[in-house]
1. Just to verify a number: FRET efficiency for Lys149 and Cys51, C-beta to C-beta distance, R0 = 51 Å, to 0.05?
2. Asp11: net charge of surrounding residues, Cβ under 13 Å, Lys/Arg +1, Asp/Glu -1, itself excluded?
3. Within the stretch 249-352, which trypsin sites (Lys or Arg not before Pro) sit in a loop by DSSP and count at most 11 neighbouring Cβ atoms inside 10 Å?
4. Students often get this wrong, so check it: of Lys23/Lys95; Lys99/Lys122; Lys182/Lys337; Lys122/Lys171; Lys149/Lys266; Lys78/Lys99, which have C-alpha atoms separated by over 31 Å?
5. Which of the listed residues, Gln98, Val22, Gly334, is farthest toward the dipole's positive end in the chain, when Lys, Arg count +1 and Asp, Glu count -1 at the beta-carbon?
6. In whole percent, what relative contact order does the stretch 104-258 give with Cα contacts below 8 Å and a gap of six or more residues?
7. Which loop GluC sites (Glu not before Pro) in the stretch 154-231, with loop taken from DSSP, have no more than 10 other Cβ atoms within 10 angstrom of their Cβ?
8. Return the loop-located trypsin sites (Lys or Arg not before Pro) in the stretch 1-100 (DSSP other than H, G, I, E, B) with at most 14 other Cβ atoms within 10 Å of their own Cβ; answer none if there are none.
Amino acid sequence: MKLNIALLAGDGIGPEVIAQAVKVCDAIAVKYNHEINWTSALTGACAIDDCGEPYPDSTHEVCLAADAVLFGAIGHPKYDNDPKAKIRPEQGLLKMRQKLGLFANVRPTFTFPSLIDNSPLKRERIEGTDLIILRELTGGIYFGERGRKDDGNTAFDTCTYTRFEIQRLAKMGFEIAMTRGKKLCCVDKANVLETSRLWRETVQDMEKDYPEVTVSYEFVDAVAMRLVQWPNSYDVLITENLFGDILTDEASVISGSMGLMPSASKGLHTSLYEPIHGSYPQATGKDIANPLATVLSAAMMFEDAFGLQAEADAIREVVNKSLAEGIVTEDLSGKNKAYGTNAVGDWLAKNI
Ligand code: IPM
Ligand code: MN
C-alpha cells in the first residue's frame, strides 16, 4: 500500500521522538511491503521563527494532501514567561485543530504489565485499567469569545456548545464504546453550567440508539477523584474541551510515565496522531526523551487511518518487548540503566 504521511515534528523533543517513529514505520513498511511517502512541514515555534506564523498555509496544504499526519510536540519556553506575546506556538496547534476540523481527540490510558510498579498509584488500583477519554477538541472555552473589558482589569473567556457539536462527538463515543466494554461516561458540570446541561440532555436523547451501551453521567470533579481511586472502573469517557484537557493529563501518568501514551485527533479531514506529552524543553537535544508515546501513536495511525491491524500489532508487540527487556529511556529505568532516545528507536526498528 502507498501511504502518504505528513510529518510535523514541531519543537523541543518533537524532532527526536518523531525520528524514532519514522525508523519504526520504515521498518514496518519493509516488512509488510508498503511504500511510505513522508512529507515534512513546520509548525509551532520553529514555524514562527521561519515565517512568523505557527501553522502556515503551506503546512496546512501538506496536511490536507496527506492520508495521515504524524505530529511531535510544540512549544518553546521563550514564549511561556511573556503573557503579552502576540504570537504563541500553541496557537498553531489550535489553528491546526480548527482548520483540519479535528473535533475529536482520542486519548487512551492503559497499563503495561512490566511497568505496573512505576505508576504513582498502587498496583491494585490500576491493574486492568484500559480507558479512553474522548475529548471534544474544536469548541468550548478554547474557541469562545475572550477579551478584556475597557478598564483592563476584567477579563472573560466564554464557553459555547451547539447540540450538533455534542452529537457528533457523543456518536463517536458510543461507537467506540460498542467496540469495547460498552460503557460510556458523560463527564460534565451539569449542576452549574448550562453548556453541561445541554451535553447531558443531548447524550440522554441518544441513549435509545445504543441500547447495549450503559451510560452514566458524572460531574467532572468527581471523575477527577475516581480516576485516581478506581481508574479500572471506566471504559469510554466523553467530555468537553477544557475538562478533557485536564483529565487526560491526570490519566496519562497512571501508566507510569507521561512518555508512554499516544493519541489520535479525528474529524472532517486528515486525522492526526501525536504523543500526549509536550515539547519537554529541558530534555531537548539530550537524547533522553522517551520515544514510545510517539511510536505508539504511529501504531494508532496504522490501525485507524490505514486499517492495517497486523502492522499496528507488530509495533505494540515490539514496544512491549522493549519494556520487558529494559530497553528504555531514563524516565523508566533511572539514569544508570538508561538507553538513549536513538538507541531505543534503533532497537525497536531492528526488532520489528
Ligand atoms: C494538549 C495541550 C494543548 C491543549 C495546549 C498546548 C494548547 O495541552 O494538547 O492537551 O490545551 O489542548
Ligand atoms: Mn493538555
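1. Details: r = 34 Å, r/R0 = 0.67.
Rounded to the nearest 0.05, the efficiency is 0.90.
2. Values: positive: Lys78, Arg88; negative: Glu16, Asp49, Asp50, Asp80, Glu90, Glu274.
With Lys, Arg at +1 and Asp, Glu at -1, the net is -4.
3. On the way: sites: Lys266, Lys286, Arg316, Lys321, Lys335, Lys337, Lys350; in loops: Lys286, Lys335, Lys337.
Hits after loop and neighbour filter: Lys335, Lys337.
4. On the way: Lys23/Lys95 29 Å; Lys99/Lys122 41 Å; Lys182/Lys337 41 Å; Lys122/Lys171 34 Å; Lys149/Lys266 36 Å; Lys78/Lys99 26 Å.
Among Lys23/Lys95; Lys99/Lys122; Lys182/Lys337; Lys122/Lys171; Lys149/Lys266; Lys78/Lys99, the Cα-Cα distance tops 31 Å for Lys99/Lys122; Lys182/Lys337; Lys122/Lys171; Lys149/Lys266.
5. Gly334
6. Numbers: 277 pairs, mean separation 56.9, N = 155.
Taking the mean separation of contacting Cα pairs over the length of the stretch 104-258, I get 37 percent.
7. Details: sites: Glu165, Glu175, Glu194, Glu201, Glu207, Glu212, Glu218; in loops: Glu212.
Passing sites in the stretch 154-231 are Glu212.
8. Details: sites: Lys2, Lys23, Lys31, Lys78, Lys84, Lys86, Lys95, Arg97, Lys99; in loops: Lys84, Lys86.
Listed in order of number, the matching sites are Lys84, Lys86.
Bear in mind these aren't lab numbers, they're just calculated from the coordinates by the rules spelled out. As the structure is a computational prediction, the values presented were derived from the model and not from experiment. Backbone-built Cβ (ideal geometry, glycine too); neighbour counts: all protein chains shown.
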